Amino acid sequence: MPNKVILIGCGNVGTSYAYAIINQKTFIEELVLIDINKEKAVGEALDLNHCLAYSPSKLKIRVGDYEDVKNAKMVCICAGLNQKPGESRLDLEEKNKKIIENIVKNVMKYSFQGIFLIATNPVDIITDTVFRISKIAPNRVIGTGTSLDTARLRFLIGEKLEINPKNIHAYIIGEHGDSEFFPLSNATIGLNSITEYLTEEELKDISLNVKNSAYEIINKKGFTNFGIGICLVRITNAIFQNENSILTVSCYNKEHDLYISQPAIINKNGIKEVIKLNLTEEEQKLFLTSINVLKK
C-alpha cells in the first residue's frame, strides 16, 4: 500500500499544508486533493506539481474523490469555515460540525482504517466529532491541538533569550483556544527550570502573547495558515517516519471522555501514548477549567 494522504479542504490551511509537504523530505508518495470546489482543487494541484522540479520530495499530486480513501494511510481534514475577526474558535463549533460530519460519513463509506489528522477549528471538539462518527480507535484520530501554540511559545521564549527554540522544552496544553495554558512547572531550557531564565511576570506576558497570536494575525491578514500548515507536516512526518516523537496534539482523554490537547508520543500507529504531566495544584485547576469549557 503506497504512503497516500488524502487532503480534504483546499483553502488557506489545506494548501499551506500541501506546500509545506513539498518543501520537506517526507515519506509521502501520493497526495490527493479533495475540495467542494473541484476547479480550485485542480488549479492547486497544477500549481503544486510545478514546484516538484525543485522540491526535495518526490511524490504524485492529483485531484481525487472519496473513493480514493480505500487504500490511503491518512486523511487530513482542513475543510470548514475560518475564524473571523472578533470570533473565538468555539464560535465555529456548530457551523463546522455539520461540514465535518458529512465529510467523515463520506470517508467511512469506503471502510477507511488509516489515521485521521484534523486541523478544522475548534479542533479539540471537531477531532472528538470525527472519533465518534468514524468509530475508529482513538489512537488513530488526532487533532493538531496546541502544537502551533507550543511552537509559538518556544519561538517567543527563544527570541527573548536568543536561544534556539529547539532547545526549549515547554508546552501549551488544554483547549486550543482561550482556556489553554502554559504549565511552568514542566518547562525547562536544557536541564534547567525556565524560571532560572525568566521571571514569572515575563512568562505570563509570553503566555498571553501566545494566546492572542491568532487574533492578532487574523485582525491583520484575515486568517492564519503557515504556522498550522507546518504543524500538520510535523505530525505527518512523525507518523510516516515512525518517530516516537512527543508533540502536543488533540488526543483522547479516557478519564474525561473527550479530546483535549496534551503531549503525546506519535508514531506509525498514531498516538502511542499520552504523556501525563505532573502538574501543580493550580495547573490542575487550569486543566480542569479547560476540560469543562470543552464539555460545555
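With contacts taken as Cα pairs under 8 Å at a separation of at least 6 residues, the stretch 147-295 carries a relative contact order of 23 percent. Sequentially through the stretch 175-181, phi angles give Karplus couplings (6.51, -1.76, 1.60; θ = phi - 60°) of 5, 7, x, 5, 9, 5, 8 Hz, Gly and Pro residues having no value and appearing as x.
Percent of Cα pairs in the stretch 147-295 per distance bin of 5 Å, from zero to the largest separation: 2, 9, 17, 22, 21, 17, 9, 2, 0.
All C-alpha to C-alpha distances of the stretch 174-214, sorted into 5 Å bins beginning at zero, yield P(r) values of 5, 23, 27, 23, 16, 5, 0 percent in whole numbers. Computed from backbone phi with θ = phi - 60° and the Karplus coefficients 6.51, -1.76 and 1.60, the 3J(HN,Hα) list for the stretch 190-204 is x, 9, 9, 4, 5, 5, 7, 10, 10, 6, 4, 5, 5, 5, 5 Hz; x is used for glycine and proline. A DSSP coil position with no more than 14 other Cβ atoms inside 10 Å describes none of the trypsin sites (Lys or Arg not before Pro) in the stretch 192-228.
What angle do you read, to the nearest 10 degrees and between 0 and 90, between the alpha-carbon axis of helix 38-49 and the longest principal axis of the chain? So the inclination is approximately 80 degrees. Taking amide hydrogens as placed 1.01 Å from N in the peptide plane, the amide H of ILE172 sits under 5 Å from those of THR150, each at least 5 positions away in sequence or on another chain. Summary value for the chain: 19 percent relative contact order, contacts being C-alpha pairs under 8 angstrom separated by 6+ residues.
Using only the Cα atoms of the chain, construct the convex hull and provide its projected area averaged over every direction, in square nanometres to one decimal. Mind dumping the intermediate values first?
Numbers: hull surface 59.7 nm².
So the mean shadow area of the Cα hull is 14.9 nm².
Peptides 141-150, 157-166 ranked from most to least packed, by the mean per-residue count of other Cβ atoms within 10 Å: 141-150, 157-166. Close amide-amide hydrogen proximity is noted between LYS272 and ILE265, ILE266, ASN267, each under 5 Å apart and 5 or more residues distant or on a separate chain (H modeled in the peptide plane; Pro and chain starts excluded). When each of the peptides 54-67, 92-105 is scored by the mean number of other C-beta atoms lying within 10 Å of its residues, the order from highest to lowest reads 92-105, 54-67. Taken over the C-alpha atoms, the stretch 4-143 has Rg and Dmax values of 14.7, 42 angstrom.
Partner lysines whose Cα lies under 22 Å from the Cα of LYS220, excluding those fewer than 8 positions away in the same chain, are identified as LYS84, LYS211.
Each value in this text was obtained by applying a stated rule to the coordinates, not by laboratory testing. Values in this document were obtained by computation on a predicted structure and should not be read as measured data. So basically every Cβ, Gly included, is an ideal-geometry build from the backbone, and we count neighbours across all protein chains shown.
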